[in-house]
Amino acid sequence: MEFIFASHNDYKLNEVRSIIGKKISIKSLNEIGYFKPINESGNTLEENSLIKAKFIYNKFKTNCFSEDTGLEVEALENRPGVLSARFAGNDRNDEKNIQKLLSLLKFQKNRSARFRTVVTVVIENKFFFIEGKVNGIILNKKKGKNGFGYDPIFCPQGFNKSFGEISTSQKNLISHRSIAFNKLKHLIQNY
């Protein structure tokens, strides 16, 4: 089976390929020559994931999947959530996003948070929805240089290191996206 992954993000593409394996062909939007952004106008992760999958399926008439991921911080009423990438502005700057989040939590004792990924899969015009999540806490400062986004300030439950400090292979065993992409792999293999 072949799929288009409705993303321009090479980091996410590499992550999904490492989890899914080589038996299933996955091409990013960049690899099929589609470079325009998809308007993510939804108010939830579910809506944005569905918007992207519908758009790509209708445009290319081929199996595809999309994902939307957000960091939900309990003390901030689950913000930044769907606005995680644009939390500090439309330029999607990881450093600015991290600094804004740390500033808002400066005097907050409750550091509980979770990463949540929602995947929409379209196979032969049938839609499937998958979710992956991982609980943890927001650290007081950045630790580590691995990963991207909020990884350096997110410490998953049961660990004493941030996602920015653990290896990609270790992260792929426990992360929200790996949970969702493993469910995706299972769905595709059993379709």
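The values are calculated or read from the model by the stated rules, or taken from the named source; none is laboratory data. The model shown is predicted, which means the values in this text are computed figures rather than measured ones. With ideal geometry, Cβ positions are generated from the backbone for all residues, glycine too; neighbour counts draw on all protein chains shown.
Inside the stretch 1-23, can you point out the residues that are surrounded by 11 or more Cβ atoms within 10 Å (Cβ to Cβ) and small (G, A, S)?
Within the stretch 1-23, A6, S7, S18 meet the criteria.
Just to be sure, is V82 touching a residue at least 40 places away in the same chain (Cβ under 8 Å), buried (at least 16 other Cβ atoms within 10 Å of the Cβ) and within 21 Å of P37 (Cβ to Cβ)?
Criteria met by V82.
In the stretch 99-152, what residues are of a type in the set (S, T, Y) and either touching a Lys or Arg at 6+ places or on another chain (Cβ under 6 Å) or farther than 28 Å from C64 by Cα (or both)?
Across the stretch 99-152, the qualifying residues are S103, S112, T117.
Can you tell me which of (1) within 26 Å of A6 (Cβ to Cβ); (2) in contact with a strand residue (DSSP E or B) (Cβ under 8 Å, 6 or more places away or on another chain); (3) not aromatic (F, W, Y) is the one N135 doesn't meet?
So N135 meets the others, but not (1).
Find the residue count for the stretch 43-57, including only residues that are in a helix (DSSP H, G or I) and more than 16 Å from E2 (Cα to Cα).
Number satisfying all stated conditions: 10.
Here is a check on your reading of the model: is G164 of a type in the set (G, A, S) and at positive phi?
Answer is no for this residue.
What number of residues in the stretch 121-138 are crowded, with 20+ Cβ neighbours inside 10 Å, under 27 Å from Y150 (Cβ atoms) and in contact with a helix residue (DSSP H, G or I) (Cβ under 9 Å, 6 or more places away or on another chain)?
Number of matching residues: 5.
For the stretch 24-64, which residues satisfy the criterion of being under 21 Å from T117 (Cα atoms), surrounded by fewer than 14 Cβ atoms within 10 Å (Cβ to Cβ) and hydroxyl-bearing (S, T, Y)?
S41, T44
Going through the stretch 65-79 one residue at a time, which ones are buried (at least 20 other Cβ atoms within 10 Å of the Cβ) and either among the small types (G, A, S) or within 15 Å of the chain's Cα centre (by Cα) (or both)? Please lay out each step first, then the result.
The initial filter retains those residues of the stretch 65-79 that are buried (at least 20 other Cβ atoms within 10 Å of the Cβ), namely 65-73.
F65, S66, E67, D68, T69, G70, L71, E72, listed by residue number.
Could you please find all residues in the stretch 48-78 being β-branched (V, I, T) and within 13 Å of L101 (Cα to Cα)?
Listed by number, the list holds a single entry, V73.
Residues that are within 24 Å of I24 (Cβ to Cβ) and in contact (Cβ under 8 Å) with a residue 40 or more places away in the chain: find the strands (runs of 3 or more DSSP E) completely inside the stretch 105-191 holding 1 or more of those.
Answer list for the stretch 105-191: 112-123, 126-138.
What are the residues in the stretch 135-171 that are of a type in the set (D, E, K, R), under 15 Å from the mean Cα position of the chain (by Cα) and at pLDDT below 95, if any?
If the condition is that a residue be of a type in the set (D, E, K, R), under 15 Å from the mean Cα position of the chain (by Cα) and at pLDDT below 95, then K171 is the only one that fits.
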